[in-house]
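Chemist: Let me begin by handing over the structure; questions about it come next.
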Amino acid sequence: MRTANRFAAIAAAIALLLCTASAQAQSYPTRSIKIVVPATPGGAIDVIARLLGDKLTASMGQPVVVENKPGASNNLGTDYVAKSPPDGYSVVIVASSHATNKFLFKQMPFDPVADFEPVVFTHIVPLVLAVHPSVPAKNVRELIAWIKANPDKASFATSGKGSSLHMAAELFKSMGGIATMLHVPYRGSAMIFDTVTAILPHVQSGGVRALAVTTEKRSVALPDLPTISEAGLAGYDANTWGGILAPAGTPKAVVATLNAGINKALAAEDMRAKLVANGIDIQGGTPERFGAYIKAEVAKWAKVTKDAGIEPE
């Protein structure tokens, strides 16, 4: 009899918790929401977070504030949200480093998939493959041939080891069958990968020559520039991307509310105009789409870093 009473009490407690969680999800939000940016102000994820904050404050009836928590290659702020209560009041806007950091650091404070609920895929920032004017190649195929014929002259510049620009170059090497190529983490090399907004002034001044964009589709900002996939490396796709994550265990109803609000904000004409002007391609879609994308990115970069011999530090 006591056992039966105990089970009944446990069942009642579980039911109460479920009802409470359901009621909280239905009334969400009842207070301010924090979007954590795990990077310093001024970058793509910071710009998007602040634009979203303004739009969501108006549409959700509660203040949506942005807080920068930079450090440890974005791990610090991301870990803060991973360990926050799963109630939808603290979310993080991550960048593509979310899928690569686990292969660059020996110790990670969180799992990029298991410790989060995907909310929405916000954007992609296409990268541009460009070469120094002294390099004779006029397209991707000619560049690969030139690199293979001139291994002593071929080098590529990025913003640093493990950056999205570095990863794009390593994928290019792997898919292009390029055995060796010197990585120089600063400008002044034969080849460079960089964002549209960063590289465009140098293209316009003649400092570099743009050959292709790195994304699967052509960039909205540079519609006449072919993709690397179109230009000779079928299936090539690398970029800087971002999206919103909530802590694992956040109620689906809360995730759905956030997803709907952010998709509406991303569709607003004034927001689209601002993002496109900054070389940012808007995404949007379901939580499932973003979750699948993250898993695919983790798998892709696991292979690239292994093939490149990049060891976690």
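The values are calculated or read from the model by the stated rules, or taken from the named source; none is laboratory data. Values in this document were obtained by computation on a predicted structure and should not be read as measured data. Please note that ligands, DNA and RNA were not included when accessible areas were found on the heavy atoms of the full protein model with its side chains. Shrake-Rupley method; radii C 1.70, N 1.55, O 1.52, S 1.80 Å.
Chemist: Sum -39500 (n - 2.57) across every DSSP H segment of at least 4 residues in the chain, then divide by the residue count to get the 222 nm mean residue ellipticity, nearest 500.
Modeler: So the helix-based figure for the chain works out to -14000 deg cm²/dmol.
Chemist: Expressed as a rounded percentage, what relative contact order does the chain have, with Cα pairs under 8 Å and six or more residues apart?
Modeler: Across the chain, relative contact order equals 25 percent.
Chemist: Where the accessible area of region 24-137 is counted over protein heavy atoms with a 1.4 Å probe, how much of it, in %, is carbon and sulfur?
Modeler: So the carbon and sulfur contribution to the accessible surface is 54 percent.
Chemist: Something else now. How much of the accessible area of region 265-311, probe 1.4 Å, is carbon plus sulfur, in whole percent?
Modeler: 56 percent
Chemist: Could you tell me what percent of the DSSP beta bridges with both partners in the chain are antiparallel, to the nearest 5?
Modeler: Rounded to the nearest five, the antiparallel share is 65 percent.
Chemist: Still on this structure, I have one more. Relative contact order, percent, of region 42-87 when contacts are C-alpha pairs under 8 Å separated by at least 6 residues?
Modeler: Worked out over region 42-87, it gives 22 percent.
Chemist: Could you report region 133-215's accessible area per residue, 1.4 Å probe, as an integer in Å²?
Modeler: On a per-residue basis, region 133-215 sits at 44 Å².
Chemist: Express in % the proportion of alpha carbon pairs of the chain at distances exceeding 38 Å.
Modeler: Result for the distance tail: 21 percent.
Chemist: Another one. Could you list, in their original order, any pairs among K102/K274; K83/K306; K102/K153; K138/K217; K106/K306; K106/K295 whose Cα atoms are separated by more than 24 Å?
Modeler: As for pairs spanning more than 24 Å Cα to Cα, those are K102/K274; K83/K306; K102/K153.
Chemist: Still on this structure, I have one more. Check which residues have an amide H placed less than 5 Å from V120's amide H, if you skip close sequence neighbours.
Modeler: Long-range HN contacts for V120: I244.
Chemist: Tell me, what % of the accessible area of region 187-234 is carbon and sulfur with a 1.4 angstrom probe?
Modeler: 53 percent
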